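First the structure, in the form of structure tokens, and then the observations on it.
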Amino acid sequence: RAGGQDWSKLEGFTLCEPCYQRFRHRGTLERNRKATSQGLRSSHEPLTSSERHCSYGGCERPEESSHFIKIKPGTKAGNQDWGPLEGCVLCNTCYQRFRMRGTLDKGRDASIHAPPSSKEQALTPTERWCSYAGCAAPSTSKKFHHIEEGLTKGGQDWTPLVGGVLCHTCFQTYLIRGTLDRKAEIKKPPFERKCFYSGCKDPEAGSAFYKIEPGSSAGGQNWSELEGKVLCIRCYRRYMRTGTLENNPKPQPGQTFDKRCTYLGCTRPEGAKKYMLVSSAYETTGQDWTHLQGTVLCKSCYNRFSKTGSLEKQPRGKAG
């Protein structure tokens, strides 16, 4: 009962030091002081390991996030309409995108606050009406979407809706559920959990698998040749960092490389005193460097992985 708080709902969960201290002092994981002062329960309750998967089919990292949020009835974060997402689980990235823009779609014109696109402006007043017969407000939406042939947003099959017009709320419902029925259950991606890469050392043992969606640009790489393929987390990260699935051979003497840390979570990717080009030679440190071969790490990130087997910074203190 550290801090005199009720920790029963967090038993068995691991918290980072900042979140642990926040709960110890305030009795909530929420950063919003107003929520604490009013005695409101945190809307971001811990989820089980099986629930920690982003429901959005277009999410590029559905199983990797600092935390996951289950959308509850009545959610009003960012003054957005969360109705289409009730019951869904979002990773922090997708949650923040919807909170700020009112959409899960990354497109510039997709935000509820964005000026009407040329296609939307082309809709006549009579066409600005939601085609879904079950829509509660078919003519009052701030934004309408004309469904065109070839649309693949969210990894959904939009074929049955081609030629129709959806209000923003119904569009978001279909984007995440693949149906206009808000009560329909969201299923996890049906793809086979086996790595496509023939050179993968353990294609069925990854902690997470990723199906490469059309138009993916994760890590600034060209994923077009891998669209529709499934990669394990190691091969996915290797391609995202290096643009290739192959493990690079040991660097030759005099080989040059960009002096910038490729770890996306590095707080100082440039300006370090020393950089290391990871090769198979580093396997002698006792860690598995396979998925990092061919990448460049600053000295700090290299030392962290060498000691802990992870590039992520570990909490300084222990909860207790």
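The values are calculated or read from the model by the stated rules, or taken from the named source; none is laboratory data. As the structure is a prediction and not an experimental result, all values here were calculated from the model. For neighbour counting, all protein chains shown are included, and Cβ atoms are generated from backbone atoms with ideal geometry for every residue, glycine included. Note: areas computed on protein heavy atoms with side chains; ligands, DNA, RNA excluded. Shrake-Rupley method; radii C 1.70, N 1.55, O 1.52, S 1.80 Å.
Regarding region 116-124, can at least one residue be identified that is open to solvent by less than 20 Å² (accessible area, probe 1.4 Å), outside any loop (DSSP other than H, G, I, E, B) and within 21 Å of TYR210 (Cα to Cα)? No: region 116-124 contains no residue that is open to solvent by less than 20 Å² (accessible area, probe 1.4 Å), outside any loop (DSSP other than H, G, I, E, B) and within 21 Å of TYR210 (Cα to Cα). Of the residues examined, GLU63 is one that is over 17 Å from THR173 (Cβ atoms), within 18 Å of the chain's Cα centre (by Cα) and touching a residue at least 40 places away in the same chain (Cβ under 8 Å).
Within region 131-150, how many residues turn out to be in contact with a His (Cβ under 9 Å, 6 or more places away or on another chain) and part of a loop (DSSP other than H, G, I, E, B)? Write out each step before concluding.
So in region 131-150, the residues in contact with a His (Cβ under 9 Å, 6 or more places away or on another chain) come out as 141-145.
The next check asks that each one be part of a loop (DSSP other than H, G, I, E, B); those that pass are 141-143.
Number of matching residues: 3.
When SER300, SER306 are screened for being modelled with pLDDT under 85, out of contact with any Pro (no Cβ under 9 Å at 6 or more places or on another chain), assigned to a helix (DSSP H, G or I) and not aromatic (Phe, Trp, Tyr), only SER306 passes. So is GLY87 free of Cβ contacts under 8 Å to residues at least 40 places away in the same chain, outside any helix (DSSP H, G or I) and not acidic (Asp, Glu) or not? Taking the combined requirement at face value, the residue does not satisfy it. Among residues of region 278-297 being assigned to a loop (DSSP other than H, G, I, E, B) and open to solvent by less than 30 Å² (accessible area, probe 1.4 Å), the one that is modelled with the highest pLDDT is THR295.
Every condition in (1) exposed (fewer than 13 other Cβ atoms within 10 Å of the Cβ); (2) modelled with pLDDT of 80 or more; (3) within 21 Å of the chain's Cα centre (by Cα) is met by SER207 except one, and the failing one is (2).
For first residues located in region 210-224 and surrounded by 19 or more Cβ atoms within 10 Å (Cβ to Cβ), partners that are of a type in the set (Val, Ile, Thr) and in a helix (DSSP H, G or I) and lie 6+ apart or on another chain with Cβ distances below 8 Å form the pairs TYR210/ILE233. Per the conditions (1) hydroxyl-bearing (Ser, Thr, Tyr); (2) within 15 Å of GLY57 (Cα to Cα); (3) surrounded by fewer than 20 Cβ atoms within 10 Å (Cβ to Cβ), the sole criterion not satisfied by THR244 is (2).
Scanning region 164-179 for residues that are touching a residue at least 24 places away in the same chain (Cβ under 8 Å) and not in a helix (DSSP H, G or I) yields GLY164, VAL165, LEU166, CYS167, GLY178. Exactly one residue out of PHE191, PHE196 is in a loop (DSSP other than H, G, I, E, B), of a type outside the set (Asp, Glu) and modelled with pLDDT of 85 or more: that is PHE196.
Considering (1) modelled with pLDDT of 75 or more; (2) surrounded by fewer than 19 Cβ atoms within 10 Å (Cβ to Cβ); (3) of a type outside the set (Gly, Ala, Ser); (4) farther than 16 Å from GLN172 by Cα, the lone condition that PHE68 does not fulfil carries the number (2). Annotation: of all residues in region 224-256 being modelled with pLDDT of 85 or more and part of a loop (DSSP other than H, G, I, E, B), the one that is nearest to CYS301 (Cα to Cα) is LEU245.
Kindly evaluate SER43 against the criterion of being surrounded by 16 or more Cβ atoms within 10 Å (Cβ to Cβ), out of contact with any strand residue (DSSP E or B) (no Cβ under 6 Å at 6 or more places or on another chain), at pLDDT below 70 and closer than 17 Å to HIS168 by Cβ. Give the steps one after another, and end with the answer.
Values: surrounded by 16 or more Cβ atoms within 10 Å (Cβ to Cβ): yes; out of contact with any strand residue (DSSP E or B) (no Cβ under 6 Å at 6 or more places or on another chain): yes; at pLDDT below 70: yes; closer than 17 Å to HIS168 by Cβ: no.
Answer is no for this residue.
Applying a threshold of 6 Å to beta carbon distances and a minimum spacing of six or more residues, or different chains, the list of pairs starting in region 257-270 at a residue that is farther than 13 Å from LEU292 by Cβ and in a loop (DSSP other than H, G, I, E, B) and ending at one that is acidic (Asp, Glu) and open to solvent by 40 Å² or more (accessible area, probe 1.4 Å) reads ARG260/GLU270.
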